[in-house]
Amino acid sequence: MSEGEFLLVAVLAVPALGALAVAATPRDRAARIVGTVAAALTLVAAVALVGGRATGWSAYVPPDAAGAVRPWHTVDRPWVPGLDLRFHLGVDGISWPLLVLTALLTLLCCGYTLWRVPGGGDGRALVALLLVVEVGILGTFLALDLVLFFLFFEVVLLPMYAIIVGWGGDGTDPASHDARRRAGRKFALYTLFGSVLLLVGVYVVVAAAGTADIVALTGGTELSRTTQLVAFTLLALAFAVKSPLWPLHSWLPDAHTQAPTVGSVLLAGVLLKMGTYGLIRVAVAVAPEGARWAAPVLGVLAVAAILVGSLVCLAQTELKRLIAYSSVGHMGFVLLGVATLTATGIQAALIGNVAHGIITGLLFFLAGAIKDRAHTGELSELSGLRETAPRLSGLLAFAAVASLGLPGLAGFWGEAFAVVAAVESGGALWTTLAVLAAIGGALTAAYLLRLLRRVTHGEPTPVVAALGPGLAGAELVAWVPLVLLALAVGLAPTLVLGVAEAPVEALVGVLR
Amino acid sequence: MRPVIPYVTAALLFGLGVYGVLRRRNAVLVLMAVELMLNAVNLILVTADTTARAVLPHGGQVFALFVIVLAAAEIGVGLAIVLQLYRMRASVAVDEIPLAERRAGEVEPHAGGPVPATTGGGASPAAGSAPEGQR
Amino acid sequence: MSDSSLVQAVDHVALLPAYLAAGTAVLVLLVDLLVARPLATVVTAATGAVATAVGAAVVGSGAERRTFCVGPDCSYVFGGRAALVAALVALLVLGVLALSGPLLRAGNTPVGEYCFLLACSMTGGVVLGAAGDLITLIVAVEVLTLPLYVLVGLRRGSLASAEAAVTFFVVSVVATTLTLLGAALLYAVTGGLHLERLGTLLADEALLDLPLTTVAVTLVVAGLAFKVAAVPFHAWAPATYDGAPLPVAAYLSTASKLGGVIALLAVVRHALPSEVTGPLLAVVAALTMTVGNLVALRQRRTVRLLAWSSVAQAGYILAPLGALALTADADARTAAYAAALAYAVFFVLLELAAFAGVVALRPAGADGGSLDDLRGAARRHPWVGAGLAFALIGLAGLPPGLAGLFAKVTVVRSLLGGGAGWLALVVAINAVIGLAYYLRAAALLYAPAGEVTAPAVRPARAVAVALAVATVVALAVGFAPQIVLDLVGS
Amino acid sequence: MTGVDVLLLALGAVAVGSAALVVGTRHLVRAGLYLVVCLGAVAGMYLVLAAELVAWVQVLIYVGAVVVLLLFAVMLTRAPIGASDDLDRPGWPAALIGGGAGLGLAALLVDAYRWTTVDLPAAGNAERIGEQVFSNWVLPFEVLSVLLLSALVGAIVLSRPDIGATRDDATGDRGRSR
């Protein structure tokens, strides 16, 4: 087993074993420490994957050199031949930034639980579930076998449901129990609906092509046009539920609002990325003809998501709900990038993914902190935060500004490139979409500035007046990496774009 | 010999049996109707021996013998079951058996707890306790 | 007629599992009579079940054995698949015996007769898997079912139990009669009774065009569909399961249902033309899973929930067979039969675990109770609760119940391989509906207990062991489903 | 139309007529007696069809055992001797399904066999059937013995609620009264 294979397996095995170790550790706090250590080791392994790859940071490899997917490292072992399932993992420039993001956010969440366990259950189970979610997400990003991809896609569902229902909400009265159980069930049913479509789509492809190997399938050369259309429809629907694409998004606000802070961070930060990543890696790659056929529809829906998300945000009065709806808009930009099917667009989608993960993760951490302190998320009751908690409100302002896409911060690149890609695609439709998306971007700025005005300015309400100015050390430890990353990716987007350039070029090469 | 005569007889017997099973409320009468249906099957089997180009000789008659024994065994057990129900409820009307979930108000005896041994099925209902419908 | 025709060369090795099963029944009766200690009786029955399973495995590991042959047609074909069925039935009997511990100790049930009847039923299951002609098949199905009429009615003093027995008996007898009528008509049309012979005879176009053939095939399939509780022949199942003693309900929904599936598989695979059975079973499967899932959504009693869910699961089992009409590809057909059987195997494992969980969480000898009785149970009994939740999630087809997930994957794969995309979508959508109630039940286990304080009962050790073994096996085949796929494909 | 056909027709008419009375009568006991007539007529048809072994088994087991059992059950459930009004449910669906099944099946069989004739096999085949049962059909025969045994035990255990109903907990022995 080479070093790369070892690292690949370690990225999955460490959190999985960590979850078991956490469950087996009798003492609550010790268990949480064990979980955090496992998450840290996972991050180390995930970062280390970048080493030892054959090419340099931005070496350009001609698209037709050796297939459209050239993973840096792979593991390929038979698992269930009867179901065309192989244990086939691999990492390349498209998946690596997301892997690191996932591992980082999980580590921050686990670390955060060391300091504060949301009410409802014991922290040990929560950390174990977080690690299981991490296994599922990392597995999805690593899988190079369609069936394996589906398997990992499903793994995430129940632990996340348990996190929402078990630790979510902000009350112990029956009404809030019911609310979060409803939110959890909605999340589970929507997501399962998506993943059963994924299952059918996967086997439509496998039955037609006779293989489930994503590397071999990328380009879709062996599939007939009809198969590609059917497969792309099914797969795109599946990923659209997960991303979520308007109008399949209605599970998201409830789930985000009810989930505990760490749950929201993971949900918004990386869970949604499984949808967009799947769209790029599976749907577009396996059925490019279907993708070209459906691209206008996808683009229109993406822009609709941007506009609807922004408009709904303008009407929101609850902090977490607003941030949740903002995700709909941001993911709209990502999907618009994918829908253009150009190198610029897919690059935009990738960096948008990463930026959204960092910024929304930070936003949810901050929203959680505010709600924990003030015991309310109503914007009308939070005004004047700057007066009593200047540092908290400063961070919130930073995150909001990053989220609205200020140049120099992470959020800018994804949205700008998506619009540019749409313009570059040419034609009346895409130009219109680009204009509308730009308007959506402006609306994003509007609602985030409204949020800031409502929360940080004005006279402190009684609730806010009671807040202390200080921040806990654990909070700073959890937030600072995200702040730094938002700055780093904003100032040097090549951190993401550099590694992704070659694989995206290769992918777009087979799309033509 | 015209095989259509026994065949049609069998078909009509079966139809009457189906009618009886669906129509009758009394479990014993339902069993009688089932016997009619089984007889129809046997008649078809025996007649088939004269018409079909059988792979094995007398397959139908052998099958019919098996069916008769099968029916006897089933009737034996069936009557025991029906009598057990009668001991418990003093009625053998099959359509009084609820198929759907009982409503909240309608509590099943002994539901939700260990079955008390004292009310073992041995206690046969007194003659007078039979519901009005039986008389 | 020469005398030699009376003496047939019988392959007693092939019959060994059947001998072991029948011997178990007789031995149980003798031990009960002579030793008269309940424990000895149960141990005898359990040993017999193990011996049967081992015997089946040993005989099945060799080449296929055929006996009672007339020319190329044999009444008894003991190959890998028959061995799998026999071993599975025997192990299920073993599991049910373990689940019966609290019931038998409660003292209301005659131990010897209970074990004897279970062993008789096991004999039927063992022969059923190897049956090669219609007579043997139907007789074996009856042997599997008839003891259950009695067992269902064995909850002494319970009206629900007596009613359940009558319902089950009447429906089952009528179903048998339908099957018999179908078999009789098939015999009248073809003159054949052996399954493979029927298959070759019915390949004849002229026979196939006869309306009588279609009716005969439909009757056989409908009669057997009663046994697997497929819609529209399902109404008996929830009432019967709910009235029966819990271990018997477990047996009904695992071994008995498996028997029905095997019988259906045998006739559909070997005897009946797929042009007729395919569309029929496709419609039945789609109806079964949809109706079962939708009704299960509204159940408030635990066993009824499991019963309706097992109705729905029967739909998933039958679905691959429904794709048969559309494909002439021999590989796809083999894959479809294998998929149906594989799903059945995964299903009985998880279903047994689920029933074991329910038995463990209920007072000894009690019925299934309502779902609210299970509220917060996992907080009182973390391990048992986790086992039950695992089984329920597995039945829903989600990780960590990988066995259930792979079961669904197998079915969807065979459906798409067979070109029945619409049925695959129906299966997929039904999986979502199914999750709604499985999740509700599983979440209830972890819900705060509230004001309902059920008495904390210690699960009997035998039940806990059964639950643990079923869970571990389900976990194991979840990670290595190829074992099951290899077994059903052989 | 030969004599055999006339005989079959007459016996068939008797069988169908008495069967109609079985499912139609309001007297529980009479239903049992009509069943005897019906089964007897069917046995007669077996005889005509040269299946005398089946015919005698039919008379012995059905008329001799099954019907007697059924009549016992009628008595044990305290059925009235006179007419009862509550034996039936509303009849239309049953008549529709039953009639449909019977007539439909009859139509199919008429369509399949028309007015063809076949030769009757030679009578006196009991020995050959015995050979068949004990050569080719030993397996179901043996399995059936398990069925009968379980039916026997099952019927006993259900009809004797005292079996296993009580138990001496101290010794673990069951105080059964066999």
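The values are calculated or read from the model by the stated rules, or taken from the named source; none is laboratory data. Everything numeric in this text was worked out from a predicted model, so none of it was measured. Glycine also receives a Cβ, built like all others from the backbone with ideal geometry; neighbour counts cover every protein chain displayed. To get the accessible areas, we keep the full protein, side chains included, count just its heavy atoms, and leave off ligands, DNA and RNA. Shrake-Rupley method; radii C 1.70, N 1.55, O 1.52, S 1.80 Å.
Quick one: count up the residues across region C:66-78 that are open to solvent by 50 Å² or more (accessible area, probe 1.4 Å) and within 24 Å of the chain's Cα centre (by Cα).
0
Check C:A86, C:A56 and return the single one that is of a type outside the set (V, I, T), in a helix (DSSP H, G or I) and within 14 Å of another protein chain (Cβ to nearest Cβ). Write out each step before concluding.
Working: C:A56 fails: within 14 Å of another protein chain (Cβ to nearest Cβ).
Going through C:A86, C:A56 in turn, the sole match is C:A86.
Let me spell it out: the conditions are (1) facing chain D (nearest Cβ under 8 Å); (2) touching a helix residue (DSSP H, G or I) at 6+ places or on another chain (Cβ under 9 Å), and B:D95 meets all of them except one. Which number is the exception?
Checking B:D95 against (1) facing chain D (nearest Cβ under 8 Å); (2) touching a helix residue (DSSP H, G or I) at 6+ places or on another chain (Cβ under 9 Å), the one that fails is (2).
Does C:S172 meet the test of being assigned to a helix (DSSP H, G or I) and either in the same structural domain as C:D486 (by TED's automatic domain parsing) or polar (S, T, N, Q) (or both)?
Judged against the criteria, C:S172 is a match.
Only one of C:L374, C:L392, C:L388, C:L361 is under 15 Å from C:T302 (Cα atoms), more than 25 Å from the chain's Cα centre (by Cα) and open to solvent by less than 30 Å² (accessible area, probe 1.4 Å); which? First the steps, then the outcome.
Numbers: C:L392 fails: more than 25 Å from the chain's Cα centre (by Cα); C:L388 fails: more than 25 Å from the chain's Cα centre (by Cα); C:L361 fails: more than 25 Å from the chain's Cα centre (by Cα).
C:L374 is the lone residue from the list that is under 15 Å from C:T302 (Cα atoms), more than 25 Å from the chain's Cα centre (by Cα) and open to solvent by less than 30 Å² (accessible area, probe 1.4 Å).
Within region A:105-133, how many residues turn out to be away from chain C (no Cβ under 14 Å) and closer than 28 Å to A:H88 by Cβ?
Step one: list which residues in region A:105-133 are away from chain C (no Cβ under 14 Å), which gives A:105-118, A:123, A:127, A:130.
So of that shortlist, the ones also closer than 28 Å to A:H88 by Cβ come out as A:105-107, A:130.
Summing the residues that are away from chain C (no Cβ under 14 Å) and closer than 28 Å to A:H88 by Cβ in region A:105-133 gives 4.
Suppose we keep only residues that are without any contact (Cβ under 8 Å) to a residue 24 or more places away in the chain and more than 7 Å from chain D (Cβ to nearest Cβ) within region B:1-33. Which one would you say is surrounded by the fewest Cβ atoms within 10 Å (Cβ to Cβ)?
B:V21
What are the residues in region C:20-39 that are surrounded by fewer than 24 Cβ atoms within 10 Å (Cβ to Cβ) and among the aliphatic types (A, V, I, L, M), if any? Can you show your working first?
Taking region C:20-39 as the starting set, the residues that turn out to be surrounded by fewer than 24 Cβ atoms within 10 Å (Cβ to Cβ) are C:23, C:26-27, C:29-31, C:33-39.
The answer is C:V26, C:L27, C:L29, C:L30, C:V31, C:L33, C:L34, C:V35, C:A36, C:L39.
Since C:T109 meets every condition but one in (1) closer than 24 Å to C:D486 by Cβ; (2) in a loop (DSSP other than H, G, I, E, B), which condition does it not meet?
Among (1) closer than 24 Å to C:D486 by Cβ; (2) in a loop (DSSP other than H, G, I, E, B), the lone unmet condition for C:T109 is (1).
Going by what's in this entry, would D:R26 be described as free of Cβ contacts under 8 Å to residues at least 24 places away in the same chain, open to solvent by 10 Å² or more (accessible area, probe 1.4 Å) and either among the charged types (D, E, K, R) or outside the structural domain of D:L120 (by TED's automatic domain parsing) (or both)?
On the way: free of Cβ contacts under 8 Å to residues at least 24 places away in the same chain: no; open to solvent by 10 Å² or more (accessible area, probe 1.4 Å): yes; either among the charged types (D, E, K, R) or outside the structural domain of D:L120 (by TED's automatic domain parsing) (or both): yes.
In short, no.
Please go through region C:204-223 and pick out each residue that is open to solvent by 10 Å² or more (accessible area, probe 1.4 Å) and either farther than 18 Å from C:P279 by Cβ or part of a helix (DSSP H, G or I) (or both). Spell out how you get there, then give the answer.
First, the residues of region C:204-223 that are open to solvent by 10 Å² or more (accessible area, probe 1.4 Å): C:204-211, C:214-215, C:218-219, C:222.
Across region C:204-223, the qualifying residues are C:D204, C:E205, C:A206, C:L207, C:L208, C:D209, C:P211, C:T214, C:V215, C:T218, C:L219, C:A222.
Looking only at residues in region B:34-52 that are open to solvent by less than 10 Å² (accessible area, probe 1.4 Å) and at the interface with chain D (Cβ under 8 Å from one of its Cβ atoms), which one is farthest from the chain's Cα centre (by Cα)? Give the derivation first.
Within region B:34-52, the first condition is being open to solvent by less than 10 Å² (accessible area, probe 1.4 Å), and the residues that meet it are B:34-48.
This time we only want the ones that are at the interface with chain D (Cβ under 8 Å from one of its Cβ atoms), so: B:35-36, B:39, B:42-43, B:46-47.
Numbers: B:E35: 8, B:L36: 10, B:N39: 13, B:N42: 17, B:L43: 19, B:V46: 23, B:T47: 25 Å.
That would be B:T47.
Can you tell me how many residues within region C:394-429 are closer than 24 Å to A:A208 by Cα and not hydrophobic (A, V, I, L, M, F, W, C)?
Let us first name the residues in region C:394-429 that are closer than 24 Å to A:A208 by Cα, namely C:405-429.
Cutting the leftovers down to not hydrophobic (A, V, I, L, M, F, W, C) gives us C:408, C:410, C:413-414, C:417-419, C:421.
Selection size over region C:394-429: 8.
Looking only at residues that are polar (S, T, N, Q) and in contact with a helix residue (DSSP H, G or I) (Cβ under 7 Å, 6 or more places away or on another chain) in region A:72-131, which one is farthest from A:I346 (Cα to Cα)? It would help to see each step written out before you state the result.
Let us first name the residues in region A:72-131 that are polar (S, T, N, Q), namely A:74, A:95, A:102, A:106, A:113.
Checking which are in contact with a helix residue (DSSP H, G or I) (Cβ under 7 Å, 6 or more places away or on another chain) leaves us with A:95, A:102, A:106, A:113.
Working: A:S95: 13, A:T102: 20, A:T106: 25, A:T113: 35 Å.
Applying the filter and picking the extreme gives A:T113.
For every residue, the table says whether it meets (1) touching a Cys at 6+ places or on another chain (Cβ under 6 Å); (2) surrounded by 24 or more Cβ atoms within 10 Å (Cβ to Cβ); (3) over 18 Å from B:I75 (Cβ atoms); (4) not charged (D, E, K, R).
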position: C:M122; (1), (2), (3), (4): no, yes, yes, yes
position: C:R156; (1), (2), (3), (4): no, yes, yes, no
position: C:A183; (1), (2), (3), (4): no, yes, yes, yes
position: C:G199; (1), (2), (3), (4): no, no, yes, yes
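I need a count of the residues in region C:395-409 that are open to solvent by less than 10 Å² (accessible area, probe 1.4 Å) and touching a residue at least 24 places away in the same chain (Cβ under 8 Å).
Looking only at that region, the number is 10.
Regarding region B:53-74, can at least one residue be identified that is open to solvent by 10 Å² or more (accessible area, probe 1.4 Å), touching a His at 6+ places or on another chain (Cβ under 8 Å) and within 7 Å of another protein chain (Cβ to nearest Cβ)?
The answer is yes; a qualifying residue exists.
Could you list all residues from region D:8-24 that are facing another protein chain (nearest Cβ under 9 Å) and either of a type in the set (S, T, Y) or under 22 Å from B:R2 (Cβ atoms) (or both)?
First pass over region D:8-24, keeping only residues facing another protein chain (nearest Cβ under 9 Å): D:8-9, D:11-13, D:15-16, D:19-20, D:22-24.
D:L8, D:L9, D:L11, D:G12, D:A13, D:A15, D:V16, D:A19 - these are the residues of region D:8-24 that are facing another protein chain (nearest Cβ under 9 Å) and either of a type in the set (S, T, Y) or under 22 Å from B:R2 (Cβ atoms) (or both).
Looking for whichever is at negative phi, among the basic types (K, R), assigned by TED's automatic domain parsing to the domain that holds D:A20 and open to solvent by 60 Å² or more (accessible area, probe 1.4 Å) here; the options are D:R128, D:R114. Which one fits? Can you show your working first?
Working: D:R114 fails: at negative phi.
Of the residues listed, the single one that is at negative phi, among the basic types (K, R), assigned by TED's automatic domain parsing to the domain that holds D:A20 and open to solvent by 60 Å² or more (accessible area, probe 1.4 Å) is D:R128.
Given C:A286, C:A332, C:A340, which one is open to solvent by less than 10 Å² (accessible area, probe 1.4 Å) and among the aliphatic types (A, V, I, L, M)?
On the way: C:A286 fails: open to solvent by less than 10 Å² (accessible area, probe 1.4 Å); C:A332 fails: open to solvent by less than 10 Å² (accessible area, probe 1.4 Å).
The conditions single out C:A340.
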